[in-house]
Amino acid sequence: MGSMEHYDIIIIGLGPAGATFARLVPDKYHILAIDAKGEADQYRKPCGGLLAPDAQKTIAEMGFHITKDLLVDPQIFSVHTIDFSSKLERHYQRAYVNLDRHAFDMWCIAQMPDRIDRSMDSRVIRIDWQDGNYIIHYRTRSGQTVTASARYIVGADGANSLVRRSLYPTHKMRTYLSIQEWYPHQASHPFYASIFDPEVSDCYSWAMYKDDCFIFGGAYPQAGARERFDRQKKKLRDYGFVLDRPIKREACLVLRPERVADIVTGKHGAYLIGEAAGWISPSSLEGISYALISARELARHFPDMPSYRRLKLKLFGKLLKVPFLYQPTLRRLIMQSGLQSIKVKT
Ligand SMILES: Cc1cc2nc3c(=O)[nH]c(=O)nc-3n(C[C@H](O)[C@H](O)[C@H](O)COP(=O)(O)OP(=O)(O)OC[C@H]3O[C@@H](n4cnc5c(N)ncnc54)[C@H](O)[C@@H]3O)c2cc1C
């Protein structure tokens, strides 16, 4: 094994899943955590940064709380739903907490115990298996390639997980390209919006406000994703959206499981948590609660593999909801009925 450092566990990826696992796993383990994000702030995970009630509940159950410096303005309690196929619009009550996603990620990392070795601004580039250990090769900010070994690895490296692709090279999961643009703040009545337009995407687009910015984004089939995004922007002009001169455009892959069996949680001492495993809501693309819950479950049972029963049930419930949101006739019937909609003064 030469002079490479040996660990009990190497955690790859410190988003909400990896950082929460690191925070909760018993302290008897010698751990290295590696993340491509820099302390110096360059990479930011493209995200809506809306903390859904299930994520809030999980944070409460874990005995944690968040501080006001993670919040952004404004906190909005309804979502404006626009359905292009039926031309219907409705408002629904929502109880999201509007977060600065990058600040939340850095807060999750800051909660990790000091005893955990960490290598930030470092990207894992290869995973080998040798004599009962995983050999992890990662490139540091200075361009140096470093190697470390571990009995166990935890892949918390998000939608495009290298750990998942290494463990399950033939496993396919439905994947979209998510694109977001940021614009200078533009409305006197800030709002959240969900936009369903089957002509552009079989998933959805969204809009929201964060401090001085208006964000428009969506998840699009990867073929022609950029053209679809631009087409959606053009079509939204009729609804009064002004989507000119963005100050930032960002994109990343986002998974959307079609069945519970799409989830892969690892094998042979390698574990997957968060979106790396495929844990994300197929109805809303809400993933933070899944990241937190899967991390907590693994930390509780480690090194045994948890059953993830509660999370599978939650995912199953969201899969049942999908046709009511995405099947145009069912969506039209529900929106027409006004079920659970609220009247919002504009
Ligand atoms: C545009 C968009 C909007 C979204 N909006 C919301 C929302 O409002 N609310 C919500 O709950 N969910 C939302 N989601 C989903 C949510 O962002 C993810 O499901 C969630 O971040 C998953 O957490 P995670 O810790 O599993 O992975 P991630 O948050 O993706 O973290 C993965 C980490 O791994 C690191 N990493 C990746 N590869 C490597 C590597 N090779 N080496 C080292 N490090 C690596 C990355 O730097 C990153 O820090 C959104 C997703 C997208 C794409």
*Are there any pairs, at least 6 apart or on different chains, whose C-beta atoms fall under 8 Å, with the first in the stretch 89-113 and without any contact (Cβ under 8 Å) to a residue 40 or more places away in the chain and the second surrounded by fewer than 18 Cβ atoms within 10 Å (Cβ to Cβ), and if so, which?*
103/69
_Contacts under 9 angstrom Cβ, first residue in the stretch 45-72 being touching a residue at least 60 places away in the same chain (Cβ under 8 Å) and within 13 Å of the ligand (Cβ to nearest atom), partner assigned to a loop (DSSP other than H, G, I, E, B) and of a type in the set (A, V, I, L, M), 6 or more apart_ = 48/285; 49/72; 51/66; 52/95; 59/66
*Taking the stretch 80-119 only, how many residues are within 10 Å of the ligand (Cβ to nearest atom) and hydroxyl-bearing (Ser, Thr, Tyr)?*
2
*How about the stretch 302-313: which of its residues are part of a helix (DSSP H, G or I) and surrounded by 13 or more Cβ atoms within 10 Å (Cβ to Cβ)?*
311, 312
*How do the pairs read when you match residues in the stretch 261-281 that are hydroxyl-bearing (Ser, Thr, Tyr) with residues anywhere that are assigned to a loop (DSSP other than H, G, I, E, B) and near the ligand (Cβ under 9 Å from one of its atoms), using Cβ under 8 Å and keeping only pairs 6 or more apart or on different chains?*
265/273; 281/287
*Test result for residue 297, more than 22 Å from residue 174 (Cα to Cα) and surrounded by 20 or more Cβ atoms within 10 Å (Cβ to Cβ)*: yes
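So for the stretch 57-70 (the condition being exposed (fewer than 14 other Cβ atoms within 10 Å of the Cβ) and part of a strand (DSSP E or B)), does at least one residue qualify?
Just the residues of the stretch 57-70 that are exposed (fewer than 14 other Cβ atoms within 10 Å of the Cβ), to begin with: 57, 60-61, 63, 65, 67-69.
Add one more test, that the residue is part of a strand (DSSP E or B), and what stays is none.
Among the residues of the stretch 57-70, not one is exposed (fewer than 14 other Cβ atoms within 10 Å of the Cβ) and part of a strand (DSSP E or B), which makes the answer no.
For every residue, the table says whether it meets (1) more than 11 Å from the ligand (Cβ to nearest atom); (2) over 30 Å from residue 150 (Cα atoms); (3) surrounded by fewer than 13 Cβ atoms within 10 Å (Cβ to Cβ).
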| position | (1), (2), (3) |
| --- | --- |
| 167 | yes, no, no |
| 176 | no, yes, no |
| 187 | yes, yes, yes |
| 196 | yes, yes, no |
| 209 | yes, yes, no |
| 238 | yes, yes, yes |
| 267 | yes, no, yes |
| 278 | no, no, no |
*asked:* For the list (1) modelled with pLDDT of 95 or more; (2) in contact with a helix residue (DSSP H, G or I) (Cβ under 8 Å, 6 or more places away or on another chain), I need the number of the one condition that residue 71 fails.
replied: (2)
*Is the stretch 103-114 home to any residue that is in the same structural domain as residue 283 (by TED's automatic domain parsing), surrounded by fewer than 18 Cβ atoms within 10 Å (Cβ to Cβ), under 20 Å from the mean Cα position of the chain (by Cα) and at positive phi?*
no
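Are any residues in the stretch 327-340 in contact (Cβ under 8 Å) with a residue 12 or more places away in the chain and either assigned to a loop (DSSP other than H, G, I, E, B) or outside the structural domain of residue 83 (by TED's automatic domain parsing) (or both), and if so, which ones? First the steps, then the outcome.
Taking the stretch 327-340 first, the residues in contact (Cβ under 8 Å) with a residue 12 or more places away in the chain are 328, 331-332, 335-336, 338, 340.
Within the stretch 327-340, 338, 340 qualify.
The values are calculated or read from the model by the stated rules, or taken from the named source; none is laboratory data. This structure is a prediction, so every number in the text was calculated from the model and none was measured. FYI the Cβ positions are ideal-geometry reconstructions off the backbone, even for glycines, and counts take in every protein chain you see.
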